[in-house]
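Below is one structure, written out as structure tokens, with a few remarks after it.
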Amino acid sequence: MRTLKPLAIRSTALVIAAGVMTACGAEGGDVDAGADGGGGNGDSEAAYPDVDLSGTFLTGSSGGVYDALGGGMAGVISEEVPGIRLNPSNPPNISVVIQRITDGAAVLGIMQADAVYRAIEGVGEFDQPYDQVRFVMGLYDNVMSQVVLEDSPLNTCSDVAGQSVGVPSETTQQLVAAVYETCGVSESEIEWVYLTYAEQAAALRDGDIDVGTFTGYPKNATVEELAATAGIKFIETPDEVVDTWNEENPLTAFATIPAGTYPGVDTDERFYAIFANLITSSEVPEDAIYAITKAVTERADDIGQIHPAGESIGLEKIQQYLDDGILDPDYIHAGALRYFEEEGLTIPGA
């Protein structure tokens with residue numbers, strides 16, 4: 001097994017994951033792959049292995065991209081694959097996902113790549129190795145943001161010293177804090193307030209926090225509503241800070257929120273990006289993850305209609321993440337690898 005690439009311990013996760021898992025075959029044992037597949041429309045290309053898997057797909061913070069995308073994915077998987085039943089639900093917080101997956105209380109989740117590797121190593125916010133965590137597939141590039149109301153006196157990252165910043169979880173807080181440290185603002189100079197996306201939007205309106213932390217791109221419905229009704233702007237980060245950050249944190253490099261994504265925001269904005277991936281446990285049966293990978297990839301157009309983030313899902317994105325070292329084959333679930341190989345993807349080291 002290859003040594004994990006070095007990762008900045010301060011980098012963190014925006015994580016989403018799953019609920020209670022059960023997996024059994026027809027007689028209550030391991031999932032069995034039937035020779036003639038499981039269903040679909042009867043076409044051999046659409047057939048799935050015989051599987052029996054049920055559980056909860058924890059999506060993400062209420063009102064966020066993971067919430068919409070995860071719910072849509074759970075619905076598509078449950079509709080497409082006979083024998084798989086996933087129920088989407090918002091997690092109490094995103095910091096417990098890895099533990100739930102490892103404990104067998106999780107079926108699937110969405111999590112950024114750098115946090116998965118820290119979990120496997122047991123560093124950073126993880127106090128022990130979680131070596132059963134596995135990637136299923138790359139999904140999309142998720143650009144985070146720091147949002148203030150349009151009339152806020154805060155404009156750049158250095159202005160945030162002494163202010164209150166909303167964050168959806170401890171893991172997100174650690175990464176946002178690391179960006180501010182690079183900007184010259186220490187973690188202790190900021191008051192951190194833990195709120196869901198929906199709660200942060202309300203707190204910004206009411207003046208209870210100064211800055212909110214949201215997914216900025218693909219478009220976030222909570223931010224869009226706030227922009228349309230109250231007016232927003234994004235905290236800016238100087239070029240020299242961006243350059244330093246990107247050099248030290250390639251798995252969370254800055255990326256762009258295009259002009260026009262939100263009402264009243266007519267310039268390109270930027271903040272760190274995370275590489276969102278579907279994750280699971282090595283204990284989930286191979287046939288089940290094969291079927292899930294197949295269903296998500298082949299129904300990507302439907303998922304893209306649920307949320308724009310789904311538009312990038314597919315073999316091209318998976319190959320990009322493989323080529324860029326975001327998906328390490330040593331930590332991809334065997335069922336997903338099987339599907340990738342069948343589809344002709346190039347697996348590094350294979």
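Throughout, read-outs are computed from the coordinates displayed, never taken from laboratory work. Since the structure is predicted, the reported quantities are computational estimates derived from the model, not experimental observations. A quick note on method: Cβ atoms are made from the backbone with ideal geometry, for glycine too, and the neighbour counts reach across all protein chains shown.
Numbers at a glance
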| read-out | value |
| --- | --- |
| Where labels lie 7 Å past Cα in the beta-carbon direction, separation of S164 and I347 in nm | 5.1 nm |
| Segments 232-242, 64-74 sorted - mean Cβ within 10 Å per residue, highest first | 64-74, 232-242 |
| Volume per residue that the Cα convex hull of region 119-219 spans, once the total is divided by residue count, Å³ | 126 Å³ |
| Cα pair distances of region 143-273 binned at 5 Å [whole percent] | 2, 12, 23, 26, 22, 12, 3, 0 |
| Length-normalised contact order for the chain - Cα pairs under 8 Å, 6+ apart - percent | 22 percent |
| Beta bridge orientation in the chain: antiparallel %, DSSP, nearest 5 | 65 percent |
| Relative contact order, percent, region 143-273 [alpha-carbon distance under 8 Å, six or more residues apart] | 34 percent |
| Ordering of 263-269, 212-218 by burial proxy (mean other Cβ atoms within 10 Å per residue, highest first) | 212-218, 263-269 |
| Calculated FRET value between Y194 and D151, using beta carbons and R₀ = 22 Å, to 0.05 | 0.30 |
| Debye log10 I(q)/I(0) at q = 0.19 Å⁻¹ for region 252-350, Cα point scatterers | -1.01 |
| Volume per residue that the Cα convex hull of the chain spans, once the total is divided by residue count, Å³ | 124 Å³ |
| Alpha-carbon centroids, region 136-175 and region 53-118: separation in whole Å | 23 Å |
| Peptides ranked, highest mean first, by Cβ atoms within 10 Å: ranges 99-105, 332-338 | 332-338, 99-105 |
| Amide hydrogen neighbours beyond the local backbone of F271, cut-off 5 Å, H modeled | A255, I257 |
| Mean Kyte hydropathy of -0.5 or more with a Cα span along the axis of at least 20 Å, helices from DSSP in the chain | 65-80 |
| Region 212-302: Cα Rg divided by the 2.2 N^0.38 Å rule of thumb | 1.45 |
| Residues whose placed amide H lies under 5 Å from that of V193, excluding near-sequence neighbours | V165, G166, V167 |
| Overall Cα dimensions of region 49-150, principal axis frame, Å, largest first | 47, 39, 24 |
